[in-house]
Structures are given as structure tokens and as C-alpha cells.
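One structure below.
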Amino acid sequence: MVSVLLLLAACTESTVKSSDRPPEVQIIGPLDDATFDPSVPVSLCVQIDDEDSLEELSILVQSSIDGTLWQTGDSDIAPCEGGNFGLTLPLSGTTQTIGVSVIDTGGKAGDAQVRIVPAVNTIPICEIASPADNSSYEVDDPIPFSASAFDGETPSDALTAVLASDLDGVLWEGSPDSGGDIVTPDLTLTGGAHLLTLTVTDARGAIDVCAVHVDVEGCLDLDVDGFTTCDGDCDDANPAAYPGGFEVADGADNDCNGVTDDETALTDDDGDGWTELDGDCDDTDPDVNPDARERWYDGVDDDCDGRDDDQDDDGFLLAEDCDDSDAAVHPYLEEIWYDGVDQDCDGNDDDQDFDGYAVSADCDDLDGGINPGETEIWYDGTDQDCDGADDDRDSDGYGRASDCDDVDPTVNPGAREVWYDGVDQDCDGNDTDQDVDGVSYVDDCDDTDAAVNPGEAEVWYDGVDQDCDGNDTDQDEDGYALADDCVDTDGSINPGRSEIWYDGTDQDCDGADDDRDGDGYLLADDCDDLDAAENPGAAEVWYDGVDQDCDGNDTDQDQDGAPYGVDCDDTDATVNTGEAEVWYDGVDQNCDGNDDDQDTDGFAVADDCDDTRASVNPDAVETWYDGVDQDCAGDDDYDRDADGWQNDDDCDDLDPDVNPGET
């Protein structure tokens with residue numbers, strides 16, 4: 001009985017210890033991928049299940065952004081709805097992962113995480129209902145102000161608002177009521193044009209600004225003339241001064257147009273510093289007064305001196321005076337010739353003989369019979385037509401003494417010769433020998449080069465036919481120019497000759513004397529100089545009986561010493577009859593046709609449970625209880641009747657109905 005109790009006690013203790021499991025951690029809230037308001041602490045609610053109490057557990061709460069938020073030993077926790085571990089956590093406004101890790105007294109650990117995302121902060125919205133934009137009020141009048149403000153995340157009474165004027169500064173600050181209304185019924189402002197701005201800010205710092213313009217004026221009528229200062233009364237102490245009043249010469253601005261005594265003889269109406277009494281001949285035009293600068297001939301007497309069209313004051317108006325800026329020029333003065341001034345205004349200062357040609361064109365301005373319009377009388381010593389020539393009839397610049405043809409302007413010593421046209425244009429007596437080498441162009445093959453003519457010696461291959469025989473490129477005159485003839489000094493060597501092979505001379509100029517098949521390989525290197533397909537640079541065609549690349553091998557492609565008739569893979573030098581087999585690699589290295597039956601018992605390694613012994617294979621007869629599984633059945637010799645019980649436990653291993661599991 002005691003033994004039984006001890007055994008039970010032992011089993012109970014063992015069962016308790018083996019049932020110790022890791023803590024189960026579940027985050028009830030916030031949910032994964034939930035949003036949160038960074039301005040409000042986040043409530044974390046966790047359910048922790050473990051054999052240990054919460055006080056015995058080691059708990060750590062961390063943020064991927066804000067680091068450690070809470071750990072065992074910090075302030076007390078509080079229960080939460082649906083969980084037994086609750087905290088209130090202030091977090092920064094960034095997407096982050098909150099993780100809770102728990103370790104019990106047995107060292108077992110559990111954890112859970114959630115990802116939370118900050119909510120998008122929408123901009124608060126404000127709207128001013130009163131006063132209306134661009135409205136006007138008088139000084140000291142109360143101005144009713146009302147507005148509304150709201151925000152998508154922040155309650156209206158948690159918003160902050162500031163009302164300010166650009167002239168008077170801050171007028172009010174505080175928060176809207178719970179309905180978002182802001183009302184100040186007795187707002188007062190100083191005189192002037194105000195810009196009122198209402199700035200609303202939510203808990204996360206987002207701002208909206210709305211504004212209106214308000215004009216505040218002091219409108220008084222102290223002189224009781226029916227016009228206030230707001231109406232434009234420029235002197236509210238003088239009842240005779242108001243907008244539209246009658247202007248009189250009393251030293252006051254009666255019509256409030258900003259000008260005193262305007263439209264009277266005492267005032268300078270046009271603002272040019274001169275009144276009509278001072279001599280202003282037009283007091284409506286500020287550009288007309290005794291100090292103004294006269295603008296001549298515009299029909300206006302700018303300087304009020306009574307003149308506008310006799311600038312030089314010589315008694316002749318602009319219509320008669322050819323120069324009204326010079327008193328020494330008018331129709332009654334005597335002409336001074338060729339001085340550039342028409343003193344008598346007759347239109348002529350440079351044609352003294354009145355032949356119609358000015359002195360600049362007339363070679364004799366005192367003789368009316370000499371001018372460019374007269375006909376020349378040749379060779380009489382007088383230049384009647386003023387062209388500068390009396391003995392150069394063709395006007396080519398050469399007198400009769402040096403000009404070989406004075407009636408043809410294209411013929412003179414300065415003319416350019418036109419060769420071979422039968423005319424001696426340059427008067428040098430030569431029209432047929434341009435290079436002056438003594439050979440006429442009829443016999444000279446290049447009459448522009450004195451070094452080329454039938455009497456010159458040929459300079460070969462310089463591109464010039466010096467001796468005019470038509471040949472500069474074929475020195476041996478075999479019909480082939482130097483560009484095609486490999487030896488242009490030997491007429492027996494040229495592309496038209498027949499080659500004499502292997503004599504050391506390239507008769508046909510094809511560049512080869514010992515490469516008969518023209519494959520680029522000389523006789524010494526070419527194993528067949530009659531077949532261009534056979535040379536050291538050709539690609540070998542294996543096993544065709546021809547040694548294309550001249551290396552002496554046409555039967556052993558991988559050059560492992562085994563010809564292709566014996567070699568089972570003549571493209572791989574590691575495969576031939578002399579290689580050692582590497583078993584089961586998919587390659588028959590020794591060419592015996594076997595890579596996966598090492599013991600050659602007819603069964604590949606995939607079917608043979610021991611491929612190193614030919615006596616072990618699926619066709620072998622099992623020898624029971626010898627420790628060897630001859631037939632590869634997998635039961636060796638421990639369960640002959642295949643009833644699932646080995647020989648050591650089966651009292652009859654020949655009968656499958658007899659074993660410890662039977663009834």
C-alpha cells in the first residue's frame with residue numbers, strides 16, 4: 001500500500017511539473033492596425049494566463065518607437081474590460097508596434113504584439129458670421145462678433161482660439177463652447193481699417209485662420225452744414241466749406257477739392273506758380289506761363305511773349321524763312337557760295353554757274369559748258385564731261401599711250417587675260433601660252449604648269465604627267481598601274497601573269513607563291529595545299545576520315561586516348577574504358593554500361609538495400625534471424641509471420657494469430 005502511495009505521489013509530482021506551460025498573452029485592445037490620437041494616452045488591455053500570479057510574472061511592455069513603456073516594478077497596473085493587465089500609455093505620433101513579453105517563474109516565455117497607426121489630423125475649420133467682410137462702423141459703436149469652430153478629432157471646447165486686429169492687437173482668446181460657437185457682442189475698435197483674424201488651433205497643433213476687413217470711422221458735422229467728415233467735409237468748422245461748395249476768393253477751399261481759391265483770379269489754378277495777375281496767359285494749362293520754355297510752331301504761346309513762329313526774330317515767319325533759328329538767313333541776304341548755308345533762301349549754295357550741277361560734281365563751276373552732262377570731245381585737252389579723262393575713251397583707267405585698244409574697256413594692261421579666245425586682254429602679246437613655258441596650249445597637256453610639257457622628264461607616281469605622254473602610273477608599261485602591279489619595274493610580273501608555284505616569285509601579284517589553295521597557310525604548315533578546307537585554322541569535322549585542322553587526329557575528339565568507336569562519350573576526356581567508375585553520379589565513367597549497380601546483382605541502388613553485396617537484393621532468399629535483410633523487405637529476420645511483433649516478444653513467430661496483442 002505504501003508503495004502504491006509513493007508511486008501515486010511520484011506520478012502526481014511528475015504530472016504537475018510536465019504540465020508547466022508558457023504564459024499565454026493576448027492583447028485585448030487596441031486591436032492590430034488600430035488608429036490612435038497621439039494627443040490622448042492609449043489604453044492597453046492584456047489578458048495573461050499562467051499558473052503563476054501576475055505578481056510572480058516578469059512583464060515588459062515595449063514600443064518599436066518609444067522604447068520601454070512599462071516593466072515589472074513600475075507603478076501598479078489596473079484591470080481592464082476583457083483583460084487582467086491594463087495600462088494607460090502616452091505615445092508619440094508615429095506608426096509603431098506595441099509588444100508585451102511575459103516570463104514565468106519556470107523560465108517559460110510568452111508574448112504578443114499589435115501595430116497601431118496615428119490617426120490623420122484634419123485641419124480645424126473656423127468661420128466668421130459677423131461682422132460681414134468690408135463692413136463699416138463708427139468709432140465707439142459696439143461691433144457684434146460671432147464665429148464658429150470645429151475639428152474632426154478634437155471637441156470644440158478643447159480647441160483654442162485667438163481673435164486679433166492688425167491695428168489693436170489681441171482682442172479675445174479662449175475656447176469655443178461645446179457647440180463650437182464664439183460670441184463677443186460688444187467688441188470695440190479704434191478708428192481705421194482693421195483686418196480681424198480668428199486663429200483656431202487643435203490639440204495636435206493644426207491651425208486654421210479666417211478673417212474679415214472692418215472700417216471704423218469718426219463721422220462728425222460740427223459746422224452743421226449737412227456734411228460730415230465721413231462725407232468728405234474738408235473743414236468741419238466752416239459751414240461755407242463742404243463738397244460741391246461755391247469757390248470764392250476768400251482764402252478757403254470752399255468746394256473741398258483740395259485747392260484754395262481755385263477758378264479765381266487770385267489763385268494759380270493750374271499750379272504752375274503763376275496767377276493771371278502775374279502774367280499767366282492761360283491759367284488752365286500748367287505748361288503755359290512766363291517762365292515756360294517756348295515750344296515753337298505748335299500754335300501755343302508757351303512763354304506768354306506773343307510769339308510762336310519767328311524763332312530768330314528777324315521779321316520773317318517760319319513759312320518764309322528757310323532757317324528760322326538763324327537771323328542771318330532770310331530771303332533778302334546776299335549769298336556766300338559754298339559755305340554750306342543758303343543765306344538768301346533761294347535753295348542754291350553750291351552751283352555758281354547755274355548749269356544744274358553742284359560744285360561737288362562740276363569740275364568747273366564757273367563755266368556752264370563744263371559739267372557731267374556735256375559730251376566729251378576726245379583728245380582735245382579739255383574734260384568736257386568732268387569724268388577725269390580726255391584720252392581714255394573706253395574709261396578703263398588707261399590712256400591711249402598704254403592701252404592697246406582704247407575703245408574696249410575690257411582690254412588694257414590691268415585687265416585679266418581670257419586665255420585662248422583670240423583677244424590679248426592684258427596687252428602683253430600672249431593669248432596661247434598661259435604658263436609661259438614656250439609650248440602653246442595646243443601641244444601642252446597642262447598649260448597652267450610650266451613644269452609640265454612634252455620636253456619635261458617624267459617623275460613617276462606623283463599624280464602629274466610631266467612629259468604629257470598620258471602615263472604616270474605604269475613604269476614598266478605592262479598595262480598595270482602601280483596600285484595593281486606588285487613590281488612596276490618588271491613587265492613579267494603583274495596580275496595578268498600565270499603563277500609558277502614555289503619558285504620564290506609572285507608572278508600574278510596575288511601575294512602567295514607557296515599557298516596554292518589560297519587558304520592563308522603556306523606549304524610548310526598546310527597538310528594539303530591543294531584543298532583550302534584543310535589547314536591549321538580549319539574546324540575539324542570528326543570521324544569523316546579527313547584531318548581538316550592538320551593535327552593528325554580525326555577519331556579522338558576528347559583526346560583521352562580512346563577512339564570514338566571504343567569511347568562511350570568522345571566529348572568528355574574523363575569518360576573512357578580506362579577511367580575508374582564514380583558510383584551513382586549519373587555518369588558511366590568506365591564505359592561498362594553500369595553506374596548504379598555496384599555489386600552487379602541486377603538491381604540498381606534505388607531498389608537494392610545493400611548495393612555492395614550481390615547476395616542482398618529483392619530477389620534473394622531471406623535467412624531468418626541472422627541480422628541481415630537479404631530480400632530487402634525491411635523486416636530482416638525479426639518478424640517472420642509479419643504480425644507486427646518481433647521474434648523477441650512473439651512466442652510463435654510463424655503464426656500471425658499468436659502474439660502479445662491477441663486475446
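The values are calculated or read from the model by the stated rules, or taken from the named source; none is laboratory data. Bear in mind the structure is a predicted one, so any value in this text is a computation, not a measurement. No Cβ is skipped: glycine too gets one built from the backbone with ideal geometry, and neighbour counts run over all protein chains shown. Areas reflect the complete protein model, heavy atoms only, side chains present, ligands, DNA and RNA absent. Shrake-Rupley method; radii C 1.70, N 1.55, O 1.52, S 1.80 Å.
For this structure, a couple of remarks:
- Region 300-370 and region 91-137: distance between their alpha carbon centers, rounded to Å: 99
- When the chymotrypsin sites (Phe, Trp or Tyr not before Pro) in region 327-369 are filtered for DSSP coil states and for at most 15 other beta-carbon atoms within 10 Å of their beta-carbon, the remaining sites are TYR332, TRP337, TYR338, PHE354.
- For region 545-623, the carbon plus sulfur part of the accessible surface works out to 48%, probe radius 1.4 Å.
- Protein accessible area in region 386-468, 1.4 Å probe - carbon and sulfur %: 48
- Region 561-575-region 589-663 distance, computed between alpha-carbon centres (Å): 40
- Calculated translational diffusion coefficient of region 85-217 (37 °C, 0.692 mPa s; Stokes-Einstein with Kirkwood radius over alpha-carbon pairs) equals 183 µm²/s.
- Take the chain with all the other protein chains still there, run a 1.4 Å probe, and you get 56 Å² of accessible area per residue.
- ILE28 - accessible surface, heavy atoms, 1.4 Å probe, Å² rounded to 10: 60
- Residues HIS194, HIS213 ordered from highest to lowest accessible area at a 1.4 Å probe: HIS213, HIS194.
- Distance from region 437-516 to region 40-83 (C-alpha centre basis), Å: 109
- Semi-axis lengths, largest first, of the ellipsoid equivalent to region 545-663 are 54, 9, 9 Å, with √(5λ) applied to each eigenvalue of the Cα gyration tensor.
- nm² value of the averaged projected area, convex hull over the Cα atoms of region 291-431: 14.4
- 3J(HN,Hα) couplings calculated from phi for region 25-42 with the Karplus curve 6.51 cos²θ - 1.76 cosθ + 1.60 (θ = phi - 60°) are, in sequence order, 10, 9, 8, 6, x, x, 6, 5, 6, 6, 9, 9, 8, x, 7, 10, x, 8 Hz; Gly and Pro show x.
- Portion, in percent, of the accessible area of region 169-328 that falls on carbon or sulfur, probe 1.4 Å: 50
- Listed values for region 150-159 are Karplus-derived 3J(HN,Hα) couplings in whole Hz (6.51 cos²θ - 1.76 cosθ + 1.60, θ = phi - 60°), namely 8, 8, x, 10, 9, x, 4, 6, 9, 6, and x replaces Gly and Pro.
- Convex hull projection area averaged over all views, region 391-456, Cα basis, nm²: 4.5
- A cut-off of 5 Å between modelled amide H atoms, ignoring neighbours fewer than 5 places along the same chain, links ALA129 with SER146, ALA147, SER148.
- Mean residue ellipticity at 222 nm, helices only, the chain: -1000 deg cm²/dmol; runs of at least 4 DSSP H residues each add -39,500 (n - 2.57), and the sum is divided by the number of residues.
- Region 303-383: projected area of the alpha-carbon convex hull, averaged over directions, in nm²: 6.6
- GLU56 accessible area, 1.4 Å probe, all protein chains in place, Å² to nearest 10: 100
- Heavy atoms of SER178 accessible to a 1.4 Å probe, total area in Å² rounded to 10: 100
- For ALA237 and LEU317, the FRET efficiency from 1/(1 + (r/R0)^6), where r spans their Cβ atoms and R0 equals 45 Å, is about 0.20.
- In order along region 183-191, the phi-based Karplus estimate (6.51 cos²θ - 1.76 cosθ + 1.60, θ = phi - 60°) of 3J(HN,Hα) comes to 9, 9, x, 10, 6, 10, 9, 6, x Hz; Gly and Pro are listed as x.
- Positive end of the dipole of region 287-404 (Cβ unit charges, origin at the Cα centre): among GLY397, ALA319, VAL300, the Cα lying farthest that way belongs to GLY397.
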